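The values are calculated or read from the model by the stated rules, or taken from the named source; none is laboratory data. For clarity, every value in this text was computed on a predicted model and none was experimentally measured. All Cβ positions, even for glycine, are placed from backbone atoms using ideal geometry, and neighbour counts span all protein chains on display. These area figures cover heavy atoms from the full protein model, side chains too; ligands, DNA and RNA do not enter into them. Shrake-Rupley method; radii C 1.70, N 1.55, O 1.52, S 1.80 Å.
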Amino acid sequence: MEIGPQGPVVSGVSPNEGQPGTRLTIRGENLGDSLRDILDIKIGGHSCKESLEYFSSKKLFCLTPNVEGRSQIIITTLSGGTGTCTVTYYGHAREATPKLDPLEESAVWQEEDVNLLVTYSAKPPTPVYTRRKIEPLGPPSAASAGGKKKLGRENLGTMFPHGSGDLLAENFNPAWFLLERHRFSTFDDLKTGRNQLKQEVKESECAPVAFMQDNLDAFLLCYQTLSDVNELLIRNESESQGGSLTDRVEELLKVALKSGEVLFRDVLRCKARADQTRIALTVLQRYRFLFNLPHTIEKNISSGEYEIVANDYDKAKTLFADTKVNIFKKVLEEVEKQLAKFREDLRKKLLKLPSILEEQKRLIKFLLELDCEGDPAWDCLSNMHQWILRLLYSSKEEFHGTAAPSATNRSDDQVDGGGGRGGELEVRGKGHSRTVSDVSYISTGSGSQGIATPSSTYRPHAKTVTGEWHMPSGRSEVGPPKRILFVEEITELMAESLPEFWKLGQAYVSGSLFHGMQMVAERQRNQQENCDKNREKFEHKMLMEKVEVFTDMVNCSLFPEAYEQLSEVRRKNLGEWAAFEEGLADTSGAWLPQIVREIRVCVGSLQKLPLPERAVEMTQTLAINVRTLCVDTLFHRAARDIEMLHEREDWKVHAEESGSVTSLPILFENLVVEVLLTLKEVVIETHHGETQESADPLMDCSVEHLHALMEHFIGCLEYLAFQQDEDTDETASRLSRDNKSVDEAAGDIITMSPDEQLLVLMSNLHYTGEQVIPRLFNCFMSQGYPSCPQVNEVVMEGMMDLDQRLFDNYIEHKSEVLVDAIEQGMKTGSFDWDVCKEEPADVRCYIREIILTLVTIHCEVFTVSPALVERVLQRLVCLVAEEIHRIFKEVEQFSYSGALHAFVEVTTLEDIFTIYVVDETRQCFQRCKEYLGTLDAESQDKMLKIVSDFKTKTELLATCFRPELTTPRHDHIIIMHPLTVAI
């Protein structure tokens, strides 16, 4: 059966009260598929269709109409019909707006009824323009009584796609207007409206004539004023002698001109003499500049005013470049000698590195303005390029001990700039802080349940302002490994020098370096040609060569196999290379996060530059590889430490809720938490230019490594349980040596039997699964690592498998003693079941021995882990029952007394160990009784009396098997056994 579309249901409105015009948010179900699907929306019977805004089928917006009190919101759609409403909207009456003065400020729009034009006559003003009525044919018609509805704008838009119902619109369509406003109006109403409209048009045509009539006095006043002005002009002209007024004015102007020439003749002569004097002084001043120019240049050079030197030189060339005066030529030759030496000094200063970028630009500007030969900007770039490479190779030679490649192998265009090793020392001496926090975790005792808490913070070696490394307290290393220092130095070098090199080169190839420089047109053309010629060399050779050398050095330092994977050309550029002596995981693992941080910062700063695509790809790949290396190295190092935790097991236990545990689970937790916190920045956080996709493989890798760490810990516990017997003597001597001072302070040396060690390991395993593993997974996800429920499941399965093997091994050891006691105890005194004629007076001794053995086992298990008592005793009691049943089945026939003995012994065991008797054990006891046969009432009473007497005599011994005394009692780290409590 198909269900048709459901009607609209309004289930929420916000706000739920307000004044007219309030914007409502309406929520509900089936509110329409689109705006056209909604036929109408009414609030308290008033339509809000005009202001409706469609958001989705569950959300609409509209403006409230003028309603008062509580009203329902009813929506009618084409697809669902008229809907329902489960909420109400409370409307408030609109507050009356006070009438304001036209000049008074108001926060809302005020309707105005004033005229647009005001006359200045004494009569009241007559309006020239009146507002056009909104409804020229009268008010719009209401809906008909037959239930027909008005046509909406959507329907009219479909009928008249190029029309409009707006009277003032250019595409006004009368049919649209009539259907929208007067669909239900009668023909007589429309005729009446038309006549009224005609009357209004006729009145508006007569409005200008009425305006003239009402303001006639103002027009007459203007006319009279103009006539008076005209008469005054005619009278003045007729009264003047000599004709027209303009002729007389012209004569007066000519007389004034002649008088002015007489008055200013002497002034003009003085001006001419002053001009001649000024010209002479100007000539003298120009020559004085030339004669003083050598001294001025020397003075300005010594004071560092290079800008003035360049301006003076340019000025001298402009004035005297083509002079034929000998004295002028001599002065210019002296100036040229000074400037030649000055240019050489500027060039040496430009090529001296390190230098500030702005200073380099300033020196290049002076050299170009002083007509320096060649291209000083390109010379500076080439020298800076070779200087950076020299620093990289010098660092390699210092830390690695291998020679740098020959000059012919590195570059085709070298410029000796004289920066040398001194420049490198200045870069290295800046002394950036090299610190990273590393947190170790310890257990805070039983009260904290082994929660990992920060106990100490160390910082790796930090470089002081003198460039020397100092060792923080608490670290055993002598200092950072050479490979770490090497990578750190070349990373700093690239982060500081390459952006400056790129900025200078970009200014050179783009031409912005030469903006504002005073150069002749030919020099500008030559400079532009040089820029175009060297652009390719700068972008695709110089930049790429430095990026390749840097990335190759870092890769070869951190990845031993990277050198062999380089091409022949890049190996030649890199020079000889030999692996570092120290292993990466052994000596560099603790320093890798700091190196990764610095490399990522360096790569981020380089990626802000529009480097060639290949260079960007190389730096991104380097950052990803180093991050991956750091993750793998630190996790492998943690895995190795976890594998060796068995050497730190001292079998000293402390109480936890689940039982007695050693420090092994807490040590394991500390190692895992430490590596997760250390690698948080490496794996989780993204730097500039890095994407989240680049971190996804690291996330997956971290999940795999976390799984491996947990598997290594399970393997450590397994080694302690099953493989340490081979190294018992060595382990004992090690523990004796390592814990000598601690044991002497404690007063004795801790020793445990293999069975007790198995119990401790099972307790450690339970504590790890119930406490440590959940905390580690919570820490893993809280730091931003991905969720990994599959790993949790696999780890728990592995722990359960190991727990079962430990349990089976323990049961196997204990069951051997019990089985031997049963078989030997039954045969004590040549007892034979089929010939026995003496009725039992008490329980035989082997039953007492079984009980004593299980009491001893109970005490041993309860002391270590009370939670294991029930599991161990249930299994052992079941094995006792199975062994007794096996022996009974070997007896061909029981005598009456033998059967009575057997009933007494089976019933005694079943009653004393009743809380540990499971279904399998109970069935085994039942099969024993069935095999013995049935006792008569008298024999049954004898048997029960013997059992009761025995239980009375051994009541204290069997106290530990009472249900009310099986709950462990803690006294600091001492767990009291129930038998001890009872005594």
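From the alpha carbon centroid of segment 1-70 to that of segment 766-819 is 59 Å. Extension gain for residue 84-residue 255 works out to 51.4 nm (0.36 nm per residue, less the C-alpha to C-alpha distance).
A Förster distance of 35 Å, applied to the separation of the beta-carbon atoms of residue 315 and residue 274, puts the FRET efficiency at 0.85. Of the GluC sites (Glu not before Pro) found in segment 293-388, the ones in coil according to DSSP and having at most 14 other Cβ atoms within 10 Å of their Cβ are 373. Note on residue 955/residue 680: beta-carbon distance plugged into 1/(1 + (r/R0)^6) with R0 of 60 Å gives a FRET efficiency of 0.50. Once the Cβ-Cβ distance of residue 823 and residue 632 is raised to the sixth power relative to R0 = 56 Å, the FRET efficiency obtained is 0.45. With protein chains left intact and a 1.4 Å probe, residues in segment 748-889 average 45 Å² of accessible area per residue.
In plain terms, the chain from residue 569 to residue 358 could stretch by 72.4 nm, reckoned as 0.36 nm per residue minus the Cα-Cα distance. Taking Cα centroids, how far is segment 859-917 from segment 555-579 in Å? Each part reduced to its Cα centre gives a spacing of 74 Å.
Charge dipole of segment 793-946 (Cα centre as origin; +1 on each Lys and Arg Cβ, -1 on each Asp and Glu Cβ, all else neutral): 300 debye, rounded to the nearest 20. Across segment 598-614, computed HN-Hα scalar couplings (Karplus, 6.51 cos²θ - 1.76 cosθ + 1.60, θ = phi - 60°) run 5, 5, 5, 5, 4, 4, x, 5, 6, 6, 5, 8, x, 6, x, 4, 5 Hz from first to last residue, x flagging Gly and Pro. Here's the list of lysines a cross-link from residue 546 could span, going by alpha-carbon distance under 20 Å and ignoring same-chain residues fewer than 8 apart: 352, 396, 503, 537, 572, 608. Measuring between their Cα centroids, segment 594-660 and segment 333-359 lie 50 Å from each other. A full extension of the chain between residue 323 and residue 292 corresponds to an added length of 9.4 nm, given 0.36 nm per residue minus the alpha carbon distance.
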